[in-house]
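Engineer: Questions regarding the structure given below will be posed in turn.
The values are calculated or read from the model by the stated rules, or taken from the named source; none is laboratory data. This structure is a prediction, so every number in the text was calculated from the model and none was measured. Cβ placement follows ideal geometry from the backbone for every residue including glycine, while neighbour counts extend to all protein chains displayed. The accessibility values were calculated without ligands, DNA or RNA, using every heavy atom of the protein model including side chains. Shrake-Rupley method; radii C 1.70, N 1.55, O 1.52, S 1.80 Å.
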Amino acid sequence: MYIQVTNNGTQFHLTNGRLSYIFHVMKNGQLGHLYYGKALRGREDFSRLQAYHVQTGNSTQLDDDSAFSIESFRQEIPSYGKGDFRSPAISLRMPDGSHVTNFVYKNYEIKEGKPSLPDLPAAYANNKDASTLQIRLVEKRLKLELVLNYTVFHDLPVITRSVSLDNRGLDRIYIERLMSASVDFPEKDFEMVHLAGAWARECHIKTRQLQSGIQSIGSARGASSHHYNPFLALKRFNTTEHTGEVYGFNLVYSGNFLAQAEIDHYDNTRILLGINPFRFEWRLEPDECFHSPEAVMVYSEEGMNGMSQAFHDLYREHLIPKHWQKEIRPILINNWEATYFDFNEEKLLAIAEKAKDVGIELFVLDDGWFGSRNDDTTSLGDWKVNKNKLPKGLKHLAEGVRLRGLKFGLWFEPEMISPKSNLYESHPEWAIKTPGEHPTLSRNQRVLDFTQDEVVQFIYEQMAQIIRETELSYIKWDMNRYITEAYSSGLEADCQDEFYHRYILGVYKLYDRLTKEFPSVLFESCAGGGGRVDPGLLYFAPQVWISDNTDAVERLKIQYGTSMVYPIYSMGSHVSAVPNHQTLRHTPLSMRGDVALFGTFGYELDPGELTAAEQKVIEGQIQKYKQHRALIRDGDFYRLINPFETNETAWMIVSKDKHEALIGFYQVRAMPNWRRQQNVRLAGLERDWEYVVDGQCFYGDELMTIGLPLPEEFNGVNGATAKRSGDYQSHIFYLQLKGKQN
Ligand code: GLA
């Protein structure tokens with residue numbers, strides 16, 4: 001029983017042997033939270049988990065029961081105005097200007113599987129994989145109904161949550177906030193982990209001890225952002241990558257979000273996750289319903305890696321488009337860093353031809369193929385071929401690429417408009433602006449008002465036509481600026497704070513239409529690299545260009561950080577030329593390949609400029625990737641050595657049956673006279689099985705306890721005869737169960 005309802009239908013216990021999540025109906029009719037964590041055995045009554053003690057001083061109380069104070073009780077969906085003074089999960093504004101609500105329990109329903117969320121991306125599951133509990137609460141005075149959706153996955157330590165609010169009254173109301181998840185913990189001793197960064201250095205791992213008061217991350221940029229990922233974890237002080245407890249939270253949403261931890265005056269910790277209440281308000285008319293995005297909650301007793309693996313499994317099996325779950329993703333070459341805007345058909349076909357020779361499978365034409373675009377100042381919105389550069393048209397180019405044995409893909413930036421464009425001349429009103437305000441440019445461009453259906457429809461028609469005409473196999477959907485002067489002429493004055501959410505719904509609408517109509521087109525999302533790396537977009541686009549930074553050393557951190565939440569096979573990772581275009585660093589081709597190997601692999605360089613020796617290296621890299629592609633797609637990923645803490649990085653991916661593993665080891669700076677023997681301790685293997693690696697045999701426990709010895713050049717031996725490595729070195733190990741070697 002994954003959902004146990006006890007104590008005369010007042011207690012709810014979601015459990016799957018890996019976690020327990022328990023809440024109950026309190027004596028005031030509201031829902032109280034009781035427990036979230038390690039799996040507990042079921043029992044009839046858990047109410048003793050409610051901290052019920054006599055309050056002193058000025059605590060709020062329930063009528064004549066002075067010990068009942070929601071000021072300190074853990075709550076399931078805390079609301080504003082009845083005596084809980086912490087940040088609420090829900091806050092409304094009524095026509096008379098009041099804000100107080102009192103949602104009390106009405107009934108519950110259990111469904112096998114998982115209902116979808118209208119207009120929003122969400123995890124999916126069939127009846128055998130998940131069970132859903134829906135709790136209905138009512139606000140009797142205002143005639144509002146709140147439905148709390150909880151899905152517990154049977155084989156994963158995961159619960160998803162979302163909330164919907166139904167207006168059954170006669171008055172319109174305004175939603176000021178409706179968080180997707182709220183969890184109260186009866187303690188404060190946690191570290192908060194999140195991912196932060198900026199363009200070209202996304203997803204750096206940040207850890208800090210929680211302090212009394214509010215600490216939060218979020219976005220008000222109109223996208224989930226390069227700056228903070230919609231992910232937050234609480235871990236115990238002694239939790240490591242491999243052991244200990246951690247609670248992970250991730251929002252399936254690509255717009256403005258808030259993830260917040262609040263420690264109150266009794267040292268309880270409240271986590272809130274949802275749409276950022278800043279610049280959000282939603283007018284809800286009678287008979288209308290509003291759905292929050294979905295929050296994913298992971299509980300791991302197996303450290304940060306355990307948490308990450310649960311996210312990875314969920315996203316691979318229950319979030320990305322089904323078509324792409326097991327489908328091989330082609331190794332691609334993208335012309336951006338090879339040509340930037342300066343190309344013609346001949347140049348592109350020469351790249352494609354060379355790419356084919358080394359084994360590449362897909363050619364992607366990046367920015368600059370449309371309108372009259374020769375730099376980033378014009379033409380966004382004019383999704384018609386640039387006849388000056390490609391006089392024979394796109395179809396001709398696409399066929400030329402296919403004739404050379406590669407698939408063809410194209411870059412779009414659907415949400416944008418250049419002030420210098422035909423689209424802007426015919427529809428200046430489609431560019432977002434606040435009346436009377438001078439619009440702020442970013443990368444010389446403005447954003448289209450995707451809250452308006454006709455705008456989305458127009459862009460859809462242009463894209464669909466090109467997909468059909470050129471028989472595209474792949475689209476890189478970019479988004480290169482954040483939103484300023486947010487406002488839509490299509491919205492009434494009291495609905496302007498719906499703008500950001502409606503904008504993202506417009507983005508989802510376009511994604512939905514295109515992915516449904518063209519299910520075999522592979523979408524890769526991008527937002528100036530990692531400006532929208534979130535599960536909301538993974539639902540449509542199974543891979544994402546996680547950073548414009550292709551430098552192998554920088555990528556160690558970016559990929560390591562991104563792996564906290566997102567599967568390796570969702571991370572676009574390409575080998576580019578040196579000196580690197582972002583850092584000017586020279587790293588060996590071998591290291592660039594060894595880093596990119598742990599992702600969806602590709603190249604971002606001109607293969608015509610490779611020496612014969614480099615071409616050979618690349619052929620080898622491609623063969624290696626093809627050999628291990630299924631393992632990279634399906635295996636369990638482990639972070640082993642942390643690049644944020646040391647000069648080294650190591651990670652590995654182990655097949656689910658533990659028969660094979662791929663290990664990447666990287667050393668940034670050479671260290672003279674360093675150590676005599678260095679081992680890298682592995683994880684995830686079967687202790688008693690014998691494995692073969694580079695011709696040597698080891699037991700799983702040896703590899704996990706003593707470690708895998710590194711080649712001589714990593715040991716800092718400076719003797720005249722010893723191998724030496726220099727800076728930026730790497731080594732890939734492939735390990736197989738003894739007797740299973742090919
Ligand atoms: C963004 C993307 C790059 C490239 C350029 C093209 O910066 O992240 O990969 O596509 O736009 O303008």
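Engineer: Working out 0.36 nm times the residue gap between residue 154 and residue 206, then minus their Cα-Cα distance, what length gain in nm do you get to one decimal?
Structural biologist: Details: separation 52, 0.36 × 52 = 18.72 nm, distance 3.11 nm.
Result: 15.6 nm gained on full extension.
Engineer: For region 396-452, evaluate the Debye formula with one uniform point scatterer on each Cα (no solvent term) and list log10 I(q)/I(0) at q = 0.17, 0.26 Å⁻¹, rounded to two decimals.
Structural biologist: Values, matching the q order: -0.64, -1.04.
Engineer: Got a sec? What order do 384, 658, 407 fall in by accessible area at 1.4 Å, biggest, i.e. largest, first? Can you show the working numbers first?
Structural biologist: Values: 384 125, 658 50, 407 100 Å².
The ordering from most to least exposed comes out as 384, 407, 658.
Engineer: Quick one: what do you get for region 262-309 if you divide its Cα Rg by 2.2 N^0.38 Å? Present the calculation step by step, with values, prior to reporting the outcome.
Structural biologist: Working: Rg = 16.6 Å, N = 48, 2.2 N^0.38 = 9.6 Å.
With N residues counted in region 262-309, Rg over 2.2 N^0.38 Å equals 1.73.
Engineer: How much accessible surface does residue 26 have with a 1.4 Å probe, in Å² rounded to 10?
Structural biologist: Looks like 10 Å² after rounding.
Engineer: Show me the ranking of peptides 155-162, 356-363 by mean Cβ neighbours inside 10 Å, starting with the highest.
Structural biologist: 155-162, 356-363
Engineer: Each label point is 7 Å from the Cα along the Cα-to-Cβ direction; what then is the distance between the points at residue 266 and residue 341, in nm?
Structural biologist: Label-label distance for residue 266 and residue 341, simple model: 6.2 nm.
Engineer: Please work out the FRET efficiency for the pair residue 323 and residue 134, using the Cβ-Cβ distance as r and a Förster radius of 35 Å; give the result to the nearest 0.05. Before the final figure, lay out each step's value.
Structural biologist: Details: r = 29 Å, r/R0 = 0.83.
My answer for the efficiency is 0.75.
Engineer: Where a ≥ b ≥ c are the square roots of the eigenvalues of the C-alpha gyration tensor, would you call region 509-611 rounded, which needs a/c under 1.5, or, failing that, prolate if a/b is larger than b/c, or oblate?
Structural biologist: Because a/c hits 1.5 or more and a/b exceeds b/c, region 509-611 counts as prolate.
Engineer: Going by alpha carbons, how many degrees (0 to 90, nearest 10) lie between the helix axis of 453-470 and the longest principal axis of the chain?
Structural biologist: The angle comes out near 30 degrees.
Engineer: Tell me, in nm to one decimal, what length is gained between residue 584 and residue 237 on full extension, where the rule is 0.36 nm per residue of separation less the Cα-Cα distance?
Structural biologist: Length gained between residue 584 and residue 237: 121.1 nm.
Engineer: To continue, here is another question. Which lysines have a Cα less than 28 Å from the Cα of residue 27, not counting those fewer than 8 places away in the same chain?
Structural biologist: 38, 82, 106, 111, 140, 143, 188
Engineer: How much accessible area per residue does region 312-394 have, counting only protein heavy atoms and a probe of 1.4 Å, in square angstrom?
Structural biologist: I get 37 Å² per residue for region 312-394.
Engineer: From the mean inverse distance of alpha carbon pairs (Kirkwood) and the Cα radius of gyration, derive Rg over Rh for region 329-398.
Structural biologist: On the way: Rg = 12.2 Å, Rh = 12.5 Å.
Radius of gyration relative to Kirkwood radius: 0.97.
Engineer: Ignoring ligands, DNA and RNA, how do 177, 513 rank by accessible area with a 1.4 Å probe, largest first?
Structural biologist: From most exposed to least exposed: 513, 177.
Engineer: Another question, then. On a 27 Å Cα-Cα criterion, which of the cross-link pairs 347/387; 347/395; 476/516; 516/624 come out too long?
Structural biologist: 516/624
Engineer: Counting only the heavy atoms of the protein chains, how much of residue 164 is accessible to a 1.4 Å probe, in Å² to the nearest 10?
Structural biologist: Near enough 10 Å² of accessible area.
Engineer: Also: Checking the table 326/740; 326/626; 322/658; 322/626 against a 19 Å threshold on Cα-Cα, which pairs fail? Write out the running numbers ahead of the final one.
Structural biologist: Values: 326/740 23 Å; 326/626 14 Å; 322/658 25 Å; 322/626 21 Å.
Result: 326/740; 322/658; 322/626 exceed 19 Å.
Engineer: Right, here's the next one. Considering only protein heavy atoms and a 1.4 Å probe, what is the carbon-and-sulfur percentage of the accessible area of the chain?
Structural biologist: 47
Engineer: To continue, here is another question. Treating the chain as a set of equal point scatterers at the Cα positions, no solvent, please give the Debye-formula log₁₀ I(q)/I(0) at q = 0.05, 0.08, 0.11 Å⁻¹.
Structural biologist: For the chain, the Cα-only Debye profile gives -0.26, -0.67, -1.21.
Engineer: Which angle from 0 to 90°, rounded to the nearest 10, does the C-alpha axis of helix 303-318 make with the longest principal axis of the chain?
Structural biologist: Compared with the principal axis, the helix lies near 90 degrees.
Engineer: State the extension gain, in nm to one decimal, for the chain segment bounded by residue 645 and residue 694, taking 0.36 nm per residue of separation less the distance between their alpha-carbons.
Structural biologist: Stretched out fully, the residue 645 to residue 694 stretch lengthens by 14.8 nm.
Engineer: Continuing with this model, one more query. Beyond 23 Å, what share of the Cα-Cα pairs of region 103-191 remains, rounded to the nearest whole percent? Display every interim value, and only then the final one.
Structural biologist: Values: 1359 of 3916 pairs.
Of the Cα pairs, 35 percent sit more than 23 Å apart.
Engineer: While we're here: Per residue, what accessible area does region 598-742 have, given a 1.4 Å probe and all protein chains present, in Å²?
Structural biologist: Value for region 598-742: 46 Å² per residue.
Engineer: How high is the relative contact order of region 449-531? Use alpha-carbon pairs under 8 Å, at least six apart in sequence, and give a whole percent.
Structural biologist: 52
Engineer: Moving on to the next point. Starting from the Cα gyration tensor of region 399-490, multiply each eigenvalue by 5, take the square root, and state the resulting semi-axes largest first in whole Å. Write out the running numbers ahead of the final one.
Structural biologist: On the way: eigenvalues 185, 37, 22 Å².
Over the Cα atoms of region 399-490, the ellipsoid semi-axes are 30, 14, 10 Å.
Engineer: Could you work out the helix-only [θ] at 222 nm for the chain, with each DSSP H run of four or more residues adding -39,500 (n - 2.57) and the total divided by the number of residues, to the nearest 500 deg cm²/dmol?
Structural biologist: So the helix-based figure for the chain works out to -6000 deg cm²/dmol.
Engineer: OK, next. Read phi for every residue in region 361-374 and hand back ³J(HN,Hα) as whole Hz from Karplus 6.51 cos²θ - 1.76 cosθ + 1.60, θ = phi - 60°, with x for Gly and Pro.
Structural biologist: 10, 9, 9, 10, 8, 8, 3, x, 8, 10, x, 10, 7, 10
Engineer: Still on this structure, please answer the following. Which value, in Å² and to the nearest 10, is the accessible area of residue 697 when all protein chains are kept and the probe is 1.4 Å?
Structural biologist: Here the accessible area works out near 60 Å².
Engineer: State in Å² the accessible area per residue of region 1-140; use a 1.4 Å probe, count heavy atoms of protein chains only, and round to the nearest integer.
Structural biologist: 46
Engineer: OK, next. First check a/c for region 223-356, with a ≥ b ≥ c the square roots of the eigenvalues of its C-alpha gyration tensor; if it is under 1.5, answer rounded, and if not, answer prolate when a/b is larger than b/c or oblate otherwise.
Structural biologist: Prolate, because a/c is 1.5 or more and a/b exceeds b/c.
Engineer: Residues of region 34-77 with amide nitrogen under 17 Å from the 7 Å Cα-to-Cβ point of residue 106?
Structural biologist: 77
Engineer: Is the C-alpha gyration tensor of region 477-548 telling us rounded, prolate or oblate? Criteria: a/c under 1.5 is rounded; beyond that, a/b larger than b/c is prolate, otherwise oblate.
Structural biologist: Verdict is oblate for region 477-548.
Engineer: Computed over the Cα atoms of region 175-287, what is the ratio Rg over Rh, Rh following Kirkwood?
Structural biologist: Reported Rg/Rh, Kirkwood definition of Rh: 1.01.
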